[in-house]
Protein chains: 4
Amino acid sequence: MIEAIKQSYNKQGFMKTLGAELVSIKEGEVIITCHLNDTLTQQHGFFHAGVLTSIADVACGYAALSAMPKGSDVLTVEFKTNFIKAAKTDKIIAKGHVIKSGKTLTFCEGVVTNVEQNITYATMQATMICLRSNQQHK
Amino acid sequence: MIEAIKQSYNKQGFMKTLGAELVSIKEGEVIITCHLNDTLTQQHGFFHAGVLTSIADVACGYAALSAMPKGSDVLTVEFKTNFIKAAKTDKIIAKGHVIKSGKTLTFCEGVVTNVEQNITYATMQATMICLRSNQQHK
Amino acid sequence: MIEAIKQSYNKQGFMKTLGAELVSIKEGEVIITCHLNDTLTQQHGFFHAGVLTSIADVACGYAALSAMPKGSDVLTVEFKTNFIKAAKTDKIIAKGHVIKSGKTLTFCEGVVTNVEQNITYATMQATMICLRSNQQHK
Amino acid sequence: MIEAIKQSYNKQGFMKTLGAELVSIKEGEVIITCHLNDTLTQQHGFFHAGVLTSIADVACGYAALSAMPKGSDVLTVEFKTNFIKAAKTDKIIAKGHVIKSGKTLTFCEGVVTNVEQNITYATMQATMICLRSNQQHK
């Protein structure tokens, strides 16, 4: 499943645009990092909320996929993000992990921190849905 | 306030990265559009959930700011996005509008649709906070 | 399906406890009302956030069920509630309606207002799941 | 502050209605329990989602208040609840704790489990607002 996740990740043009890097895949936990540059900022020059959310979403999605049967695909049903603190840093880490893996739905939590993981910028709750290989996209 | 919103928007490097366009500002409602290209895709070639969320967040944020006192700034406290349907289209429209504008907090709703506005891809509920000019970022 | 919804509603001991009344069922929209009394208050004597949320959840759930195939049952996957204004009133109305009805998941929105429906106390986004008659509860 | 929280809790008519018990108050963490009976059920006889949410909300709210300056009051801005598993048990425990305490807003997380705390029924993310004693309710 690790190979399938890497292949899927590499097809995401948007992750390339963010310069995001898939640094770790374990069953039920995925980590993605991202460096700040001028293309990722909000109006004060910090990481945009949309960047934090995007990499947290992908970390949660692949964490969910890592716990699904082989051949599955994953789509985000919904997520909620709390912005705890402005992300005034030059590198962020998003960790997504599975809270409960079901046949159809998987609940995940995500957290976006600094490199030292002692400052939390955002927390996410996400619901993911498992698509079998023969299902159409909703 | 319209001029202040345009200036703030133009400082957002991430909006340039998305190729997003601020097409309308009215008091309590802001509209942003975005064209699909290879840099904005998820693994199936459609608009990434993170792109939908990012422009909906910005539309909600500036809708909130449009109803705040002059000299205010806005930050996103939290949002929730529901992904109703995969965004298989070449252009999306995000409309953010204010539900309740308070002295400190503003509640907004966002919706992301196709150009004809007859297919909804995502809906957002967002809470925004008003920062006075003399306040530090949290 | 209207009869099935009424029967299911009447089995909810908690709705009796709230003194809630199921006043309208249409395909995709359900309305529930509730009168204030001393058993439903928060610390300032207004309707408790939990009461607003509970009747909005049930209105959304049965709105979803009203659009599902006969014999289905419904469970709440998740919801988010925004508390727009303290519910200083003696009767509230919760209206739930379907945004998108899918085979497995249904997206709903709920709103809790006063009787005149010109003051909004809370808004809800909810995801509901359809259980076929032969499925076990998760 | 512990005394102030107990007094505020005891004014909540709705907590009496649920038969909920405030069992622990520490700075930044509050625990509430609730026993199942016929007045708290959904259509299958389990704890109603509204009950889980209500006690999690109150646990989060008082966890937030426990970290605020003396004389403060607390209101719920918004929350999101994920329903991980049907609460088929005769007693539930809701634990709310503070993620980030700010001057105006406090972010909390809540979790509802069985007594042994090895089965999670629901998780909550909540935003609370601090009201100074001289402020009116929104």
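So residue B:101 clears everything in (1) in contact with a strand residue (DSSP E or B) (Cβ under 6 Å, 6 or more places away or on another chain); (2) buried (at least 18 other Cβ atoms within 10 Å of the Cβ); (3) touching a residue at least 24 places away in the same chain (Cβ under 8 Å) except one condition, right? Which one?
Every listed condition holds for residue B:101 apart from (1).
May I ask you to say which residue of C:64, C:126 is under 26 Å from residue B:79 (Cβ atoms), of a type outside the set (Asp, Glu) and touching a Phe, Trp or Tyr at 6+ places or on another chain (Cβ under 6 Å)?
It is C:126.
When you check residue C:79 against the structure, is it out of contact with any Leu (no Cβ under 7 Å at 6 or more places or on another chain), free of Cβ contacts under 8 Å to residues at least 40 places away in the same chain and assigned to a strand (DSSP E or B), yes or no?
no
Scan the stretch D:108-129 and give yes if some residue there is in contact with a Lys or Arg (Cβ under 6 Å, 6 or more places away or on another chain), within 25 Å of residue C:8 (Cα to Cα) and part of a strand (DSSP E or B), otherwise no.
Within the stretch D:108-129, one or more residues are in contact with a Lys or Arg (Cβ under 6 Å, 6 or more places away or on another chain), within 25 Å of residue C:8 (Cα to Cα) and part of a strand (DSSP E or B).
Only one of these is at the interface with chain C (Cβ under 9 Å from one of its Cβ atoms) and either touching a residue at least 40 places away in the same chain (Cβ under 8 Å) or not small (Gly, Ala, Ser) (or both): D:35, D:44. Name it.
Testing whether each residue is at the interface with chain C (Cβ under 9 Å from one of its Cβ atoms) and either touching a residue at least 40 places away in the same chain (Cβ under 8 Å) or not small (Gly, Ala, Ser) (or both) leaves just D:44.
Within the stretch D:1-22, track down each residue that is in contact with a strand residue (DSSP E or B) (Cβ under 7 Å, 6 or more places away or on another chain), facing another protein chain (nearest Cβ under 9 Å) and of a type in the set (A, V, I, L, M, F, W, C).
If the condition is that a residue be in contact with a strand residue (DSSP E or B) (Cβ under 7 Å, 6 or more places away or on another chain), facing another protein chain (nearest Cβ under 9 Å) and of a type in the set (A, V, I, L, M, F, W, C), then D:14, D:18 are the ones that fit.
Within the stretch D:24-31, is there a residue that is at pLDDT 95 or above, surrounded by 24 or more Cβ atoms within 10 Å (Cβ to Cβ), of a type in the set (Val, Ile, Thr) and within 12 Å of the chain's Cα centre (by Cα)?
There is at least one residue in the stretch D:24-31 that is at pLDDT 95 or above, surrounded by 24 or more Cβ atoms within 10 Å (Cβ to Cβ), of a type in the set (Val, Ile, Thr) and within 12 Å of the chain's Cα centre (by Cα).
For residue D:64, work out the one condition from (1) out of contact with any helix residue (DSSP H, G or I) (no Cβ under 8 Å at 6 or more places or on another chain); (2) surrounded by fewer than 24 Cβ atoms within 10 Å (Cβ to Cβ) it doesn't fulfil.
The failed condition is (2).
If we scan the stretch C:52-71, do we find a residue that is of a type in the set (Ser, Thr, Tyr) and part of a strand (DSSP E or B)?
No.
Can you confirm whether residue B:85 is among the charged types (D, E, K, R), in contact with a strand residue (DSSP E or B) (Cβ under 9 Å, 6 or more places away or on another chain), closer than 21 Å to residue B:29 by Cβ and not in a strand (DSSP E or B)?
Taking the combined requirement at face value, the residue does not satisfy it.
Quick one: which residue in D:81, D:120 is surrounded by 18 or more Cβ atoms within 10 Å (Cβ to Cβ), within 8 Å of another protein chain (Cβ to nearest Cβ) and among the hydroxyl-bearing types (Ser, Thr, Tyr)?
D:81
Exactly one condition in (1) acidic (Asp, Glu); (2) without any contact (Cβ under 8 Å) to a residue 12 or more places away in the chain; (3) closer than 22 Å to residue A:11 by Cα is not met by residue B:90; state its number.
Of (1) acidic (Asp, Glu); (2) without any contact (Cβ under 8 Å) to a residue 12 or more places away in the chain; (3) closer than 22 Å to residue A:11 by Cα, only one is false for residue B:90: (2).
Return the residues of the stretch D:48-72 that are farther than 21 Å from residue C:16 by Cβ and within 8 Å of another protein chain (Cβ to nearest Cβ); say none if nothing qualifies.
D:57, D:58
Test of understanding: among A:106, A:89, which residue is more than 13 Å from the chain's Cα centre (by Cα) and surrounded by fewer than 21 Cβ atoms within 10 Å (Cβ to Cβ)?
A:89
Quick one: how many residues across the stretch C:1-23 are of a type outside the set (Lys, Arg), assigned to a helix (DSSP H, G or I) and surrounded by fewer than 14 Cβ atoms within 10 Å (Cβ to Cβ)?
Matching residues across the stretch C:1-23 total 4.
Do we find that residue D:102 is of a type outside the set (D, E, K, R) and either closer than 30 Å to residue C:5 by Cα or more than 13 Å from every other protein chain (Cβ to nearest Cβ) (or both) in this structure?
Criteria not met by residue D:102.
Say we look at the stretch A:33-51 and pick out the residues that are in a helix (DSSP H, G or I) and crowded, with 24+ Cβ neighbours inside 10 Å; which of these is farthest from the chain's Cα centre (by Cα)?
Looking at residues that are in a helix (DSSP H, G or I) and crowded, with 24+ Cβ neighbours inside 10 Å, I get A:40.
The values are calculated or read from the model by the stated rules, or taken from the named source; none is laboratory data. Bear in mind that the values here come from a model prediction, so they are computed numbers and not experimental data. All Cβ positions, glycine included, derive from the backbone under ideal geometry; neighbour counts span all protein chains shown.
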